[in-house]
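Comments concern the structure below.
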Amino acid sequence: MKHPFFDMVSRPFELRGNPSVDAQFSIPYTVATALLDGYVFLDSFEPEKVKERARNPLLKKVAVFRDGAIKDPRSLGPATVEIKTKGGKAFSETVEEFKGHPKNTMTEQECRDKFLRCSAYSSKPFSGEDLEKIMEAVLRLERLKNTNDLMKLLK
């Protein structure tokens, strides 16, 4: 069965027209980046970094295969990563549902950490105190009687 999303993200990485978008829609790029940097985040898709990384031989060593029938075409999982070293060792990890999925939710601390990392990319800088107030308001959003207080924090 054809799977348009899989076909779009599984092809070998190459720079086409927009380095950031080319990287965002490339499993080989994101896997190589995770292995090289230990993480994949917004800075991983900065055009300069993508262009620099495009020369890395590890990108060409990442192959993507579809294994087995797709149970739910709307799902991105399960996914397995297998790494084989030159020394003959093999490592494998399977994730049934990606982090952030309702069956694999982020902890409050993970949400806080991600929010703080993302805030560095905001077009409006916020003080640490303001960021803490915003986080607290969002964490108790369902108990707010009025969202105006939160909106004031974001101005």
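The values are calculated or read from the model by the stated rules, or taken from the named source; none is laboratory data. Note that the coordinates shown come from a computational prediction; the quantities given were computed from them, not determined experimentally. Neighbour counts are summed over all protein chains in view; Cβ atoms, including those assigned to glycine, are modelled from backbone coordinates with ideal geometry.
Answer yes or no: is there a residue in the stretch 49-57 that is within 28 Å of PRO19 (Cα to Cα), touching a residue at least 40 places away in the same chain (Cβ under 8 Å), surrounded by 10 or more Cβ atoms within 10 Å (Cβ to Cβ) and in contact with a strand residue (DSSP E or B) (Cβ under 7 Å, 6 or more places away or on another chain). Steps first, answer last, please.
Applying the first criterion (within 28 Å of PRO19 (Cα to Cα)) to the stretch 49-57 yields 49-57.
Still in the running and touching a residue at least 40 places away in the same chain (Cβ under 8 Å): 54.
Checking the rest, the ones that are also surrounded by 10 or more Cβ atoms within 10 Å (Cβ to Cβ) come to 54.
Narrowing the set further to residues that are in contact with a strand residue (DSSP E or B) (Cβ under 7 Å, 6 or more places away or on another chain) leaves none.
Checking the stretch 49-57: not a single residue is within 28 Å of PRO19 (Cα to Cα), touching a residue at least 40 places away in the same chain (Cβ under 8 Å), surrounded by 10 or more Cβ atoms within 10 Å (Cβ to Cβ) and in contact with a strand residue (DSSP E or B) (Cβ under 7 Å, 6 or more places away or on another chain).
Condition check ((1) within 26 Å of ALA32 (Cα to Cα); (2) assigned to a loop (DSSP other than H, G, I, E, B)) across all residues:
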| site | (1), (2) |
| --- | --- |
| GLY77 | yes, yes |
| VAL81 | yes, no |
| GLN109 | no, no |
| LYS114 | yes, no |
| LYS124 | no, yes |
| LYS133 | no, no |
| ALA137 | no, no |
| ASP149 | no, no |
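Which of (1) among the polar types (S, T, N, Q); (2) farther than 24 Å from TYR29 by Cα; (3) assigned by TED's automatic domain parsing to the domain that holds SER10 is the odd one out, the single condition THR85 does not satisfy?
All conditions pass for THR85, except number (2).
Condition first: assigned to a helix (DSSP H, G or I) and either loosely packed, with under 11 Cβ neighbours inside 10 Å or within 15 Å of the chain's Cα centre (by Cα) (or both). Now tell me which residues in the stretch 37-48 satisfy that. Give the steps one after another, and end with the answer.
If we filter the stretch 37-48 for residues that are assigned to a helix (DSSP H, G or I), which is where we start, we get 37, 42-45, 47-48.
Matches in the stretch 37-48: ASP37, LEU42, ASP43, SER44, PHE45, GLU48.
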